[in-house]
Amino acid sequence: MFHLELLVVGLIWGAMYAMMALGLTLVYGLLRILHVAHAGVFALGAYAGVLTANATGSLWLAVPAAIGVAAAVGPLIYRFIYAPMLSRPPYVALIASIGLFIAMEDGFRLLFGPYGLPFDYNPWFVTTYSLGGISLNVVQIAMAVSTLVLAGAFGVFIAATRVGVAWRATVSDPQMAQSFGIDPVRVRYLNFAIGSAMAGAAGLLVGLLNNLVEPGMGAVVSYKGLAIIVLGGLGNVPGAVVASLILGVVESFGTVYLAAVLDRDAIAFAVLIAVLLIRPRGLFAPAR
Amino acid sequence: MLEVEALHCGYGALRAVQDLSLRVEAGRITALLGPNGAGKSSTVMAIAGHVALSAGDVRLDGESIAAASPVERTRRGIGLVPEGRRVFSDLSVAENLLVGGYVHGRDAARARESRVLALFPRLAERYRQRAGTLSGGEQQMLAIGRALMADPKVLLIDELSLGLMPAIVDQCFAAVLDLVREGVAVLLVEQNTQRALEHADSVVVLVSGHTVYRASGEESRRDTGLVDSYLGLREAG
Ligand SMILES: Nc1ncnc2c1ncn2[C@@H]1O[C@H](COP(=O)(O)OP(=O)(O)OP(=O)(O)O)[C@@H](O)[C@H]1O
Ligand SMILES: [Mg+2]
């Protein structure tokens, strides 16, 4: 029972990682940029959510606020930070991205204080359900359900719609895709909007689960996100989802069995190093 | 149909092609030959709109397309089978064809797809398979099929036979000859000079970006020794 509970909690945490890592791996697949500032978008979603919830008294309104703000800011980051740098070597965009992430963190600190903002009213945090003997609160259930729904919807979109096919064609060969009438810039905007929307949702859920939205909440997620997309095979979307779930479960068991030797947040890197020793290209083949 | 006039193009300071003129007529094949680095692919990509002209003009049915975007050229009737095939490796055969037909909308695409599958029955067998898992020959068929989905008047084929088994080369040539009989104009870049000369209606040989030989198909078939010498084949063989 105890192990089952660790597994379930790990999978749920992994689901949150997946929501976050999806945007990262999509950006990498399309532009070969490590989008570190994605973690800033994650925190931004959480801030938009907590501010809306505390102003309106409604957690439900926090959801569209978090998703909407993140989905709007992601494409702006592309437009004003990455687009002007695409002709430069990829590390230029990486440095800009790290810079933007730090600026966002400090911006949150200046605007909303160093200790973060708690939710004034968070019924989802305190309402728990017992499922097969495992007790989960509403936020945890929402993490699992929203990842299933969002990842499933994204899978259908990318596999079965005309726009999804155009998107994959652009990832595969942008110049040829353009030749056949696919506008690569529109694909990039869509990519940033969808990836950021998911990061915003993940940020809100993490904020709800900790009952706190704080300036540094993106930092841990940012390096774990990088570990996940490397493990998943850079740019490989299903690979990133599986790597997220594995990391969530390993962390969950690790906090019990490895607590004496490893901090929870160090486990991602222990796993990363161990896997890269055996499979230098990650668990799954990189895109292309 | 397609006229290239005094085309110059390059990459920064590098001049890849200088003062090239050629014509491709409906239902005819113009072969563009030359040793490695001669500027054949650059010419093809300049016609398709992926390499900027520094001087000269490209006309389709008498109208200049030199300022048109790559999509616009696809829409107007330029079909590209690029060097290295460049099929969308992560997409299925069906999806590659779908993208090929994007410029003309859904209904037109359906009709064209059945023609492409009739021309290359292999693609029908592999319809749901990822393009990246196809053999080289099948990828070449797919690259041609994808270009045909946009209903081109002119087909630019950069290396039809490179790296393919002889039986597959025969199939690909047979398909191209079918298209030519239907009235498609073909600009054919080939390493396999013999095959190209066999079918060409006119021949242009480039060396280091300069046109060194130009003749009708018949003339060139009498001059094979000369053509080979430009390509460095006589010395090598
Ligand atoms: N993208 C590019 N950037 C810079 N230089 C290039 C580029 N593509 C080709 N070149 C150069 O332009 C010249 C012509 O190359 P091109 O590929 O057109 O020749 P080619 O005749 O197609 O040769 P091959 O038979 O090897 O395919 C060469 O000197 C090549 O190095
Ligand atoms: Mg070439």
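The values are calculated or read from the model by the stated rules, or taken from the named source; none is laboratory data. Keep in mind that what you see is a predicted model, and the values were worked out from it rather than measured. Counting neighbours? That spans all protein chains shown, and the Cβs are built from the backbone with ideal geometry, glycine included. Note: areas computed on protein heavy atoms with side chains; ligands, DNA, RNA excluded. Shrake-Rupley method; radii C 1.70, N 1.55, O 1.52, S 1.80 Å.
How many of the residues making up segment B:37-48 are open to solvent by 20 Å² or more (accessible area, probe 1.4 Å) and within 14 Å of chain A (Cβ to nearest Cβ)?
Number satisfying all stated conditions: 2.
For segment B:142-161, give me the residue count where each residue is in contact (Cβ under 8 Å) with a residue 60 or more places away in the chain, away from chain A (no Cβ under 13 Å) and within 16 Å of ligand 2 (Cβ to nearest atom).
Number satisfying all stated conditions: 3.
Output the residues belonging to segment A:154-172 that are of a type in the set (D, E, K, R) and more than 14 Å from every other protein chain (Cβ to nearest Cβ). Steps first, answer last, please.
Within segment A:154-172, the subset of a type in the set (D, E, K, R) is A:162, A:168.
Result: no residue meets the conditions.
Taking B:Val58, is it outside any helix (DSSP H, G or I) and either more than 16 Å from ligand 1 (Cβ to nearest atom) or more than 18 Å from B:Ala175 (Cα to Cα) (or both)?
So B:Val58 fits the description; yes.
So that you can scan it fast, the table gives a plain yes or no per residue for (1) within 13 Å of ligand 2 (Cβ to nearest atom); (2) farther than 12 Å from B:Glu5 by Cα; (3) assigned by TED's automatic domain parsing to the domain that holds B:Ala108:
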| residue | (1), (2), (3) |
| --- | --- |
| B:Ser41 | yes, yes, no |
| B:Met45 | yes, yes, no |
| B:Gly49 | no, yes, no |
| B:Leu53 | no, no, no |
| B:Val58 | no, no, no |
| B:Asp61 | no, yes, no |
| B:Ala66 | no, no, no |
| B:Pro70 | no, yes, no |
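Quick test of your reading of the structure: B:Ala196 fulfils all but one of (1) surrounded by 23 or more Cβ atoms within 10 Å (Cβ to Cβ); (2) within 25 Å of B:Ser89 (Cα to Cα). Name the failing condition by number.
(2)
With B:Gly12, B:Gly34, B:Gly105 as the choices, which residue is without any contact (Cβ under 8 Å) to a residue 12 or more places away in the chain and either within 16 Å of ligand 1 (Cβ to nearest atom) or more than 14 Å from chain A (Cβ to nearest Cβ) (or both)?
Selected residue: B:Gly12, the only one of B:Gly12, B:Gly34, B:Gly105 that is without any contact (Cβ under 8 Å) to a residue 12 or more places away in the chain and either within 16 Å of ligand 1 (Cβ to nearest atom) or more than 14 Å from chain A (Cβ to nearest Cβ) (or both).
Need a quick list: helices (runs of 4 or more DSSP H) entirely within segment A:173-240 having at least 1 residues that are within 13 Å of chain B (Cβ to nearest Cβ).
In segment A:173-240, the matching helices (runs of 4 or more DSSP H) lie at A:174-179, A:184-210.
Scan segment A:132-147 and tell me whether some residue there is on the phi > 0 side of the Ramachandran plot and open to solvent by 60 Å² or more (accessible area, probe 1.4 Å).
Yes, because at least one residue in segment A:132-147 is on the phi > 0 side of the Ramachandran plot and open to solvent by 60 Å² or more (accessible area, probe 1.4 Å).
Look through B:Arg86, B:Arg106, B:Arg23 and report the one residue that is within 16 Å of ligand 2 (Cβ to nearest atom) and open to solvent by 30 Å² or more (accessible area, probe 1.4 Å).
Every option except B:Arg86 fails the conditions.
Mind listing whichever residues of segment A:95-147 are out of contact with any helix residue (DSSP H, G or I) (no Cβ under 6 Å at 6 or more places or on another chain) and among the charged types (D, E, K, R)?
Selection gives A:Glu105, A:Asp106, A:Arg109.
Looking at B:Gly100, B:Gly79, which is the one that is open to solvent by less than 40 Å² (accessible area, probe 1.4 Å) and either more than 8 Å from chain A (Cβ to nearest Cβ) or not small (Gly, Ala, Ser) (or both)?
Details: B:Gly100 fails: either more than 8 Å from chain A (Cβ to nearest Cβ) or not small (Gly, Ala, Ser) (or both).
Every option except B:Gly79 fails the conditions.
Given the conditions (1) over 18 Å from B:Val212 (Cα atoms); (2) within 14 Å of ligand 1 (Cβ to nearest atom), which single one is not true for B:Ser41?
Status for B:Ser41: all satisfied but (1).
Condition (residue is in contact with a strand residue (DSSP E or B) (Cβ under 8 Å, 6 or more places away or on another chain) and either among the hydroxyl-bearing types (Ser, Thr, Tyr) or not assigned by TED's automatic domain parsing to the domain that holds A:Asn191 (or both)) applied to segment A:50-62: is it met by at least one residue?
No - not one qualifying residue is present in segment A:50-62.
Condition (residue is within 15 Å of the chain's Cα centre (by Cα), away from every other protein chain (no Cβ under 14 Å), small (Gly, Ala, Ser) and away from ligand 2 (no atom under 16 Å from the Cβ)) applied to segment B:217-231: is it met by at least one residue?
Step one: filter segment B:217-231 for residues within 15 Å of the chain's Cα centre (by Cα), giving none.
No - not one qualifying residue is present in segment B:217-231.
Tell me, which helices (runs of 4 or more DSSP H) lie completely within segment A:1-91 with 2 or more residues that are farther than 27 Å from A:Ser135 by Cβ and more than 18 Å from the chain's Cα centre (by Cα)?
Because the criterion is at least 2 residues that are farther than 27 Å from A:Ser135 by Cβ and more than 18 Å from the chain's Cα centre (by Cα), the helices (runs of 4 or more DSSP H) in segment A:1-91 that meet it are A:38-56.
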